[in-house]
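Worksheet: one structure, shown below.
The values are calculated or read from the model by the stated rules, or taken from the named source; none is laboratory data. This is a predicted model, so every value here is computed, not measured. Note: ideal-geometry Cβ built from the backbone for every residue, glycine included; neighbour counts use all protein chains shown. Heads up: the accessible areas ignore ligands, DNA and RNA and are worked out on the full protein's heavy atoms, side chains in. Shrake-Rupley method; radii C 1.70, N 1.55, O 1.52, S 1.80 Å.
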Amino acid sequence: MFRLGKTHMTINKLGFGGIPIQRVDISECKQIINQAKKSGINFIDTAVGYTVSEEYIGEALKENPHSFYLATKSMARTYEAMKKDILGSLDRLKRSYIDLYQIHNLGEADYELVFSENGALRALKEAKEQGLIKEIGITSHSVSVLDRAIDTDEFATVQFPFNIVENQGEEVFRKAKAKGMGTIVMKPLAGGALEDARLALRYLTKLDFLDVLIPGMADEKEIKVNQSAVEDDSPLTEKELADIKYLKENMGDKFCRRCGYCMPCTVGINIPMQFLLEGYLRRYDLETWAVDRYNSSDKNASDCIHCKECEPRCPYGLSISEMMVRVSTEFDKL
Ligand code: SF4
Ligand code: SF4
């Protein structure tokens, strides 16, 4: 257990990412959260945008609402919209206050608005004064946005992706840490692209500028594997170091994290699914399964009209249109 930056929260190294809660029902959600508690996890991160996640978490914790520190976040950019979302989150999470409320995925385009008189930050500061939230944080996929936001001294925490194959956040995390802010690692398993969760988490626990890791977890087995990985403080073995080197060299930083921000596609292609199936085709020896899924989709990569409407929406700057050509070529040659 350690204190997250200068916040009031003393937490486990492993936190609970709320995205997968969208894929389970309420009774499964209760079981997962109970299991997380038993494992020593005491920090949950969710979002207004994760459909039912806040509601299910609130329901699961209603008997004991303060058994976890709760963090959530909103894409609201204006004062009024943020005010409304804070009240909505309190209602769905069934709490009189929220421990950490974050501006969700701030990009360059909305930066000035958020910090303006009519911006979301003013609503967060007011809510903090009223005791509705305890801490204000920020999440982003942009290094430059986070860098500027850290300089404002308005935030107690920063949240950014970091994992074996995505280390572009190192400098901003170090800067935030040096200022006494809490550092929260989203996508520690690269959105599921890193299959060996134990290796991925052990790698991150060795980096002193990272505080809490919040992988999404949808069952008991994942919770156990992840908790045991963060508790293992032995040095990385030769084999682990070699595996990390292999992943860094072979996955590069131009791969799809399945975040879905690029959607919807003009012609209805499920964009991240195309890259997922390509991964299965290449990496996991599941060729038949991948080909069946690809061919049975209503639309697949071969239907791409290369309009590039999706590309500005990808926070990782992927050349989706070109990648669709690569995927369809891979499948068509079989
Ligand atoms: S470039 Fe292709 S994948 Fe992207 S929106 Fe257009 S049709 Fe869809
Ligand atoms: S293509 Fe980009 S925006 Fe779309 S799911 Fe992949 S990483 Fe996310």
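Details
- Pairs of Cα atoms nearer than 8 Å and 6+ residues apart set the relative contact order; for region 2-243 it is 20 percent.
- The Arg3 and Glu28 beta-carbon pair, evaluated with R₀ = 35 Å, returns a calculated FRET efficiency of approximately 0.65.
- Summed over the residues of region 2-243 and divided among them, the accessible surface reaches 41 Å² per residue at a probe radius of 1.4 Å.
- Computed [θ] at 222 nm, deg cm²/dmol, the chain (DSSP H ≥ 4; -39,500 (n - 2.57); rounded to nearest 500): -13000 deg cm²/dmol
- For region 271-332, the solvent-accessible area of protein heavy atoms averages 55 Å² per residue (probe radius 1.4 Å; ligands and nucleic acids excluded).
- Computed magnitude of the charge dipole of region 2-243 (debye, nearest 20; Cβ of K, R +1, Cβ of D, E -1): 580 debye
- Over region 84-180, volume per residue of the alpha carbon convex hull, in Å³: 110 Å³
- Pair Leu113, Arg313: separation of 7 Å Cα→Cβ label points (nm): 1.6 nm
- Between the amide H of Phe160 and those of Ile184, Met186, distances stay under 5 Å, these residues lying 5 or more places away or on another chain, with hydrogens modeled in the peptide plane.
- Mean projected area of the convex hull spanned by the Cα atoms of region 271-332, taken over all viewing directions: 4.1 nm².
- Distance between the C-alpha centres of region 83-108 and region 211-235: 26 Å, rounded to the whole angstrom.
- Flagged links, alpha-carbon separation over 21 Å, of Lys38/Lys224; Lys37/Lys221; Lys73/Lys94; Lys6/Lys221; Lys179/Lys224: Lys6/Lys221; Lys179/Lys224
- Taking Gly191, Gly107, Gly268 in turn, the Gaussian network model of the chain (Cα-Cα springs below 10 Å) assigns the largest fluctuation to Gly268.
- The percentage of C-alpha pairs in the chain whose separation is greater than 33 Å is 28%.
- When DSSP beta bridges are restricted to pairs lying wholly in region 1-104, around 20% turn out antiparallel.
- Heavy-atom surface analysis with a 1.4 Å probe gives the chain a carbon and sulfur content of 49 percent of its accessible area.
- In region 9-83, the GluC sites (Glu not before Pro) that fall in loop regions by DSSP, at most 11 other Cβ within 10 Å: Glu63
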